[in-house]
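Undergrad: A single structure is presented below for examination.
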Amino acid sequence: ALLDDPGVTYLALEAVSVGDAGNYSCYASFLNIGDLTSDPKSVVVRATTTPLLDTWAMTGNDVNLTCACVGDAEATVTWAKNYVDVTDGVSTTYSSSTTTSTLTLSEVSDSDAVLYQCTMDIDTTSLFSSAYLYVYTDEGVVIPPIDRSGAEEGSVTFTCTAGNPSSNSVTDVQWFKVGDEDDVEIEEGVTNEDLGNPQYQSELLISDLEFFHMGDYYCKVTYTDLETLVE
């Protein structure tokens with residue numbers, strides 16, 4: 001687009017994506033002096049293409065955690081386990097402007113069930129991603145719901161996630177509100193979803209919040225071959 005000065009032009013890139021990365025030049029034709037081309041200017045677009053995701057694994061199995069980013073140079077990658085840097089089991093490759101890094105955990109156990117972080121540094125840019133590894137056994141594991149708050153007449157959702165090994169699968173999840181004498185089972189607003197091995201997820205939606213909804217809630221997970229777990 002030409003500005004008021006007929007000798008000035010500009011190119012505007014909006015909502016850039018990785019596909020916009022590259023070298024840009026201005027080519028101009030003049031009546032008396034011919035054609036001129038400006039020095040190329042680079043546009044570098046960096047993005048995390050594969051962020052870390054929460055992962056489930058059964059005790060004794062190997063697990064691969066992978067993150068990746070796109071950039072004009074290979075990224076320097078740092079992995080951390082529960083905020084402590086780790087180097088064992090890390091492999092990193094750079095191809096077609098993409099840095100891919102994988103952390104391999106062998107024969108995972110309960111001690112591996114923590115937060116993992118992948119940091120990718122390119123020049124002055126740092127891309128950060130984190131996720132949890134949940135380790136379960138045939139005896140199951142339950143990630144309990146967390147505290148929620150909501151406005152009057154609003155809504156809140158509690159989520160309960162359980163390990164769901166094929167050898168000892170989840171058969172039911174129930175929700176309860178703690179009472180003064182007896183706990184009260186809640187059936188309205190409950191959605192159970194079998195995600196297969198290794199997860200089973202249940203949600204409790206409480207709508208039209210009022211004062212009497214305040215209190216403690218918990219989920220009760222029943223397995224095929226195990227005593228019920230309560231969280």
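The values are calculated or read from the model by the stated rules, or taken from the named source; none is laboratory data. Being a predicted model, the structure only gives us computed values, none of them experimental. Quick reminder, even Gly has a Cβ in these numbers, built from the backbone with ideal geometry, and neighbours come from all protein chains shown. Accessible surface is based on the protein model in full, side chains and every heavy atom, while ligands, DNA and RNA are left aside. Shrake-Rupley method; radii C 1.70, N 1.55, O 1.52, S 1.80 Å.
Undergrad: Among the numbered criteria (1) among the hydroxyl-bearing types (Ser, Thr, Tyr); (2) at pLDDT 90 or above; (3) farther than 30 Å from Ser166 by Cα, which one does Tyr24 miss?
TA: Tallying (1) among the hydroxyl-bearing types (Ser, Thr, Tyr); (2) at pLDDT 90 or above; (3) farther than 30 Å from Ser166 by Cα, Tyr24 fails exactly one: (2).
Undergrad: Just a yes or no: is a residue in segment 191-199 under 26 Å from Asp54 (Cα atoms), out of contact with any helix residue (DSSP H, G or I) (no Cβ under 7 Å at 6 or more places or on another chain), buried (at least 17 other Cβ atoms within 10 Å of the Cβ) and among the aliphatic types (A, V, I, L, M)?
TA: Checked segment 191-199: no residue is under 26 Å from Asp54 (Cα atoms), out of contact with any helix residue (DSSP H, G or I) (no Cβ under 7 Å at 6 or more places or on another chain), buried (at least 17 other Cβ atoms within 10 Å of the Cβ) and among the aliphatic types (A, V, I, L, M).
Undergrad: In segment 142-190, how many residues are open to solvent by less than 40 Å² (accessible area, probe 1.4 Å), without any contact (Cβ under 8 Å) to a residue 24 or more places away in the chain and within 22 Å of the chain's Cα centre (by Cα)?
TA: Qualifying residue count for the region: 0.
Undergrad: Answer yes if at least one residue in segment 72-89 is touching a Leu at 6+ places or on another chain (Cβ under 9 Å), outside any loop (DSSP other than H, G, I, E, B) and at pLDDT below 90, and no otherwise.
TA: no
Undergrad: Identify all residues within segment 94-129 that are part of a strand (DSSP E or B), open to solvent by 50 Å² or more (accessible area, probe 1.4 Å) and under 15 Å from Leu65 (Cβ atoms); write none if there are none.
TA: Thr104, Phe128
Undergrad: Something else: Does at least one position in segment 204-221 carry a residue that is in contact with a Phe, Trp or Tyr (Cβ under 9 Å, 6 or more places away or on another chain), modelled with pLDDT under 85, in a strand (DSSP E or B) and open to solvent by 40 Å² or more (accessible area, probe 1.4 Å)?
TA: no
Undergrad: Right, something else. Any residue at all in segment 76-86 that is under 21 Å from the mean Cα position of the chain (by Cα), under 29 Å from Leu205 (Cα atoms) and surrounded by 16 or more Cβ atoms within 10 Å (Cβ to Cβ)?
TA: Looking through segment 76-86, none of the residues is under 21 Å from the mean Cα position of the chain (by Cα), under 29 Å from Leu205 (Cα atoms) and surrounded by 16 or more Cβ atoms within 10 Å (Cβ to Cβ).
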